[in-house]
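Trainee: My questions will all concern the structure given below.
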Amino acid sequence: MLRGRDGHFRPVPGLGNVMLSVVSAAAMAVASQRVLLIENYTVAAHSLGPPLSDLLLEHSAWRPFIDRLQASGVAEDWFAAHDNSSAFEQLCATDLRHAPASPLLRVFSNLYFLPTLLLNKHHAAQLNRLAETPLPAPAEFGRAAVCAARRADGVCMHGTAGLWAPALRLLFRPRQHIVSSADGYTSQLAGATTVGVHVRSALGNGAALSELVSCASRRLSAANATVLLVATMHTRASDALKTALQRASHPAWRVVRFGTPPELQGASEAHLDAAVLDLLLLARADFLLLTRGSTFGYVAHGLGGAPAAVVGAQNGRDLGAPVGECAVLPTSEASFHSFRQALHLPHCRAGAANASLWGSPLMRLSTVMH
């Protein structure tokens, strides 16, 4: 649990939600010129190295100072989460270089709230400038067969504009024991062209399975791929997909899964290691299939930068251009699930009415809901 002052308790979210919040907080720290620290996520130190491991409050030299501030009651708490989004208005309106006055601002979040800062007239220009230069993906997330250059642990150096992917690649650096496991498994695929898919539900035998099989067949054929790499928390999901794909499609296609699915991504070091390894393997795929709304998929897509298609029916109207069933996404930016909710708030709505803010290239990338 994450515990705030005065008895605030919040459940530890999945790895995708954590990274969405951390990247958003990193952008907020840059805009506000504050120090970024991550509270009560020490389990990550075993799976992820610097710089993220250096930001863990419990391991930081800042800990005594933060403890004194919290004990004095000067901390201010903001909430930017699915169940409490009361900070959206402040994020859209506040000049964070001057407010709040408290030296300690604690943000409780489980979503990607960075786009609210793009609606903030005080900080949008700075964040857009940061997103202008495409940055390469670190090598541990890529594959030699499709990459001109790669980082020491294997991720492809696809250049990607935006804020989500470059910031994620900087912060998300798997420990060497995870990289070595990924290297060993990747070598077993013997250079085969791979489509990766994250399955977030148990699937069953209904429409969700049919949609996934249809899209997987289409994308395996288009990529001339022979391997479908499945990452899921549900063993039955990968088994059902394997059976359905073999019945309906090409017999030469292989459906593979590494290890045992992590049922709880942050419950222990072993669970988090498994989740990070799944992300690293997905990031090395040549093409990705993403389930709509999957935060785990956002991380895999941002890390690797390979093309990705979205699986599943649309939920309501998109803010930007509609993304059709099994269509290739026009952006690697993560989706802000509460965008419509934020736009009902006066200051966020005012930011959206400002053509210079709403019309920026980064905002256009950030309004594709998927």
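Trainee: Only one residue in Ala165, Ala139 is under 30 Å from Ala192 (Cβ atoms), among the small types (Gly, Ala, Ser), at pLDDT 55 or above and buried (at least 22 other Cβ atoms within 10 Å of the Cβ). Which one? Before the answer, list the steps.
Mentor: Values: Ala139 fails: buried (at least 22 other Cβ atoms within 10 Å of the Cβ).
Every option except Ala165 fails the conditions.
Trainee: If we scan the stretch 41-63, do we find a residue that is open to solvent by less than 30 Å² (accessible area, probe 1.4 Å) and closer than 20 Å to His122 by Cα?
Mentor: no
Trainee: Related question: Looking only at the stretch 235-247, which residues are buried (at least 16 other Cβ atoms within 10 Å of the Cβ) and of a type outside the set (D, E, K, R)?
Mentor: Ala237, Ser238, Ala240, Leu241, Ala244, Leu245
Trainee: Then there's this: Just for the stretch 314-334: of the residues that are under 13 Å from Thr367 (Cβ atoms) and open to solvent by less than 30 Å² (accessible area, probe 1.4 Å), which one is modelled with the lowest pLDDT?
Mentor: Taking the candidates together, the pick is Asp318.
Trainee: Give the residue that is most open to solvent (accessible area, probe 1.4 Å), with candidates limited to residues of the stretch 351-368 that are assigned to a loop (DSSP other than H, G, I, E, B) and more than 12 Å from Pro115 (Cα to Cα).
Mentor: Only one residue fits best here, namely Asn354.
Trainee: Looking at the stretch 109-131 only, could you name the residues that are surrounded by fewer than 21 Cβ atoms within 10 Å (Cβ to Cβ) and part of a helix (DSSP H, G or I)?
Mentor: Ala125, Gln126, Asn128, Arg129, Leu130
Trainee: Then there's this: Could you tell me how many of the residues in the stretch 74-89 are part of a loop (DSSP other than H, G, I, E, B) and either open to solvent by less than 50 Å² (accessible area, probe 1.4 Å) or free of Cβ contacts under 8 Å to residues at least 60 places away in the same chain (or both)?
Mentor: Number of matching residues: 8.
Trainee: Have a look at His344, His337 and point out the one that is over 15 Å from the mean Cα position of the chain (by Cα) and either closer than 22 Å to Arg173 by Cβ or at pLDDT 85 or above (or both).
Mentor: Values: His337 fails: over 15 Å from the mean Cα position of the chain (by Cα).
Checking each option against the conditions leaves just His344.
Trainee: A follow-up question, please. What number goes with the only condition from (1) at pLDDT below 95; (2) touching a Cys at 6+ places or on another chain (Cβ under 6 Å) that Leu15 does not pass?
Mentor: Failed condition: (2).
The values are calculated or read from the model by the stated rules, or taken from the named source; none is laboratory data. In this text the structure is predicted, and so the values were computed from the model without any measurement. Here the Cβ is made from the backbone with ideal geometry for all residues, glycine too, and neighbour counts use every protein chain on show. Just the protein is used for accessible areas: all its heavy atoms, side chains included, with ligands, DNA and RNA removed. Shrake-Rupley method; radii C 1.70, N 1.55, O 1.52, S 1.80 Å.
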